[in-house]
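Only the coordinates and a few stated rules stand behind these numbers; no lab work does. What you see is a predicted model, and the numbers here were worked out from it, not measured in a lab. Cβ coordinates were reconstructed from backbone atoms using ideal geometry, including for glycine residues, and neighbour counts include every protein chain displayed.
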Amino acid sequence: MKDDEIIELYWKRLEAAIFETDRKYGHYCYTISHNILHNHEDVEECVDDTYVKAWESTRPQRLKGYQHF
């Protein structure tokens, strides 16, 4: 799914937005978080927090650059 399609899901407030974000960028987010934190539980929490921030925010312009670690 393209980023603009995922963003549209966020705008429509569909939980599928988080699923699609995780499907497309989950590995990327987990890898970066793990390289910083080196702790599985902290990585899980960090990635979850990233998805919550994306959900709560207004339109993220480009999802890949939208991680807040």
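Mean silhouette area of the range 3-57, derived from the convex hull of its C-alpha atoms and averaged over all directions, reads 3.6 nm².
In loop segments of the range 8-59 as defined by DSSP, the trypsin sites (Lys or Arg not before Pro) with at most 10 further C-beta atoms inside 10 Å of their C-beta are Lys12, Arg13.
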